[in-house]
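What follows is a single structure, written as structure tokens, with notes after it.
The values are calculated or read from the model by the stated rules, or taken from the named source; none is laboratory data. As the structure is a prediction and not an experimental result, all values here were calculated from the model. Don't worry about glycine lacking a Cβ; one is built from the backbone with ideal geometry, like all the others, and counts go over all protein chains shown.
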Amino acid sequence: MPDHIRKILYLDACDLIVEKDNEPVFSIEITTEAGTGHNAFQRFARIAASVENSVPAFYIYPEGVIVTRQNTPPRWDKINPLVFRALESVMSIYQIPALLYYFPSDIMLYQDQPEQSPNLIKKGLCYDPDIIRYSGCPDSSSTSMQNLFAAINELLSITEATGVVPARRSLLQRLTFRRQRTYMQEQFSQKARGRSIEEMSPLTAVKKIPSSFLLNYLSQYESNTYQIGELLRSREYTQIYQVNAGFRGDPYPGALAAIDYLICRDGQTFEERRDNLVLLFGELEIDEDNHTIQVLNRNHSSINDFFSTVQNSARHNLLTKEYSELESKDIPRYFMQVRYGSTYSKVKHIRVYAYFADAILFPDGSLWRDA
């Protein structure tokens, strides 16, 4: 894998990357999943990884998907509007496009009558009629896809004229990109219907506490020879994302990344957060009297699950092997791991959790950053 591509895969692999002259031009992420609740953010870390490396990202997502369950009539599962605000936060920080275009569907024509959708069997989604060349692709004649093509064509034209890297700097000034950004802002306003962002998932699962409460909780790990470092102490408040479930991946890694950009980030690195960002597996209980917290176990969450997942990934780590043990095909991967460590050997959710979280709390153990 070329180094310039690997740099935007350190969290997760997006669906498509276009490159020119050994530079990524843009990435595309496409899904047909219903975007309700946490699900809208399931792939958000991929978008963030692209934009963090100054690579424009295009996200193709349905405005709504028809869900049919036994003994209930068909209904539209609609996109969580908070995803628009999260993408806007990423764009504002990096000044690189992170634009969402709707996967075409029948939602506008059959919003109140999903059972009448001519594409009911396809969950209300409109696919391209050319099933030979574009099987499974969104309908290319739709307005949203035509707008996407216009943005990509403009990006490619600028790239041809000025080069890949210079082209990135001016994209958000261009009318085509400004129009889509404005449209996304309008979609958030229309679909939020006056709700604050704190009333939308996943922020409904976030609690803000004084950082002193977190430090008092973590003090159980301190001793005469070790004190919690300055990073967690440097921020007055801490945002705790409570996942009251057993330890697992999707949709929580992407949601954690979105929470960071929505309510924590002031700058381009995790050191530039205004508040600490903590991931908690279990049930959070705030002890106001003793200025601390408790992590209750309601769904058998354990730090051992985290460690087991990391250990299972370690079988891909070649750094403990002797040269004579390596097959020829393993040698370039060994050399890569010498440079990057075992980053690309870990499963996605471990990489994302470790990248975004300042601390991870379980009922029976904790992990945290010192700096």
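Just one of the listed residues (S117, S92, S105) is touching a residue at least 12 places away in the same chain (Cβ under 8 Å), under 30 Å from L172 (Cα atoms) and either crowded, with 20+ Cβ neighbours inside 10 Å or not basic (K, R) (or both), namely S105. For the range 113-148, filtered to residues that are β-branched (V, I, T) and in a helix (DSSP H, G or I), the residue that is farthest from the chain's Cα centre (by Cα) is I121.
Does R169 meet the test of being among the charged types (D, E, K, R), assigned to a helix (DSSP H, G or I) and touching a strand residue (DSSP E or B) at 6+ places or on another chain (Cβ under 9 Å)? No.
Only residues that are crowded, with 24+ Cβ neighbours inside 10 Å and not in a helix (DSSP H, G or I): list them for the range 44-57, please. Answer for the range 44-57, where residues must be crowded, with 24+ Cβ neighbours inside 10 Å and not in a helix (DSSP H, G or I): V55, P56, A57. Within the range 67-89, being loosely packed, with under 15 Cβ neighbours inside 10 Å and part of a loop (DSSP other than H, G, I, E, B) holds for T68, R69, Q70, N71, T72, P73.
Scanning the range 277-302 for residues that are over 17 Å from S212 (Cα atoms) and buried (at least 20 other Cβ atoms within 10 Å of the Cβ) returns F281, G282, S301.
Of everything in the range 38-70 that is of a type in the set (A, V, I, L, M), modelled with pLDDT of 95 or more and out of contact with any Lys or Arg (no Cβ under 7 Å at 6 or more places or on another chain), the residue that is nearest to A257 (Cα to Cα) is A57. For the range 149-168, a residue qualifies if it is over 27 Å from the mean Cα position of the chain (by Cα) and small (G, A, S), and the qualifying residues are S157, A161, G163. Is it true that some residue in the range 343-352 is surrounded by fewer than 16 Cβ atoms within 10 Å (Cβ to Cβ) and among the charged types (D, E, K, R)? No, the range 343-352 contains no residue that is surrounded by fewer than 16 Cβ atoms within 10 Å (Cβ to Cβ) and among the charged types (D, E, K, R). Within the range 172-185, the set of residues being over 22 Å from the mean Cα position of the chain (by Cα) and part of a helix (DSSP H, G or I) comprises Q173, L175, T176, R178, R179. When you look at Y323, is it farther than 17 Å from A354 by Cα and either aromatic (F, W, Y) or without any contact (Cβ under 8 Å) to a residue 12 or more places away in the chain (or both), yes or no? When the stated conditions are applied, Y323 passes them. Listed by first and then second residue, the pairs linking a residue in the range 292-308 that is without any contact (Cβ under 8 Å) to a residue 60 or more places away in the chain to a residue that is part of a strand (DSSP E or B) and among the aromatic types (F, W, Y), with Cβ atoms under 9 Å apart and 6 or more places separating them unless they lie on different chains, are N299/F281; D305/F281; D305/F362. For P138, state whether it is touching a residue at least 60 places away in the same chain (Cβ under 8 Å) and in contact with an Asp or Glu (Cβ under 9 Å, 6 or more places away or on another chain). Taking the combined requirement at face value, the residue satisfies it. For the range 341-357, a tally of residues being more than 16 Å from the chain's Cα centre (by Cα) and within 28 Å of I228 (Cβ to Cβ) returns 4.
Counting just the residues of the range 228-253 that are surrounded by fewer than 18 Cβ atoms within 10 Å (Cβ to Cβ) and farther than 14 Å from R369 by Cβ, which one comes out farthest from the chain's Cα centre (by Cα)? Only one residue fits best here, namely E236.
Going by what's in this entry, would K207 be described as under 19 Å from F84 (Cα atoms) and of a type in the set (K, R)? Criteria not met by K207. For E272, state whether it is surrounded by fewer than 17 Cβ atoms within 10 Å (Cβ to Cβ), touching a strand residue (DSSP E or B) at 6+ places or on another chain (Cβ under 8 Å), within 20 Å of S219 (Cβ to Cβ) and free of Cβ contacts under 8 Å to residues at least 12 places away in the same chain. Criteria not met by E272.
Test Y226 against the stated conditions and say whether it is outside any strand (DSSP E or B) and at pLDDT 95 or above. Considered against the rule, which asks whether it is outside any strand (DSSP E or B) and at pLDDT 95 or above, Y226 comes out as no.
Restricting attention to the range 8-43 and to residues that are closer than 23 Å to A245 by Cβ and of a type in the set (D, E), the residue that is surrounded by the fewest Cβ atoms within 10 Å (Cβ to Cβ) turns out to be E33.
Can you find even one residue in the range 277-288 that is in a loop (DSSP other than H, G, I, E, B), within 30 Å of T31 (Cα to Cα) and free of Cβ contacts under 8 Å to residues at least 24 places away in the same chain? The answer is no, given that none of the residues of the range 277-288 is in a loop (DSSP other than H, G, I, E, B), within 30 Å of T31 (Cα to Cα) and free of Cβ contacts under 8 Å to residues at least 24 places away in the same chain.
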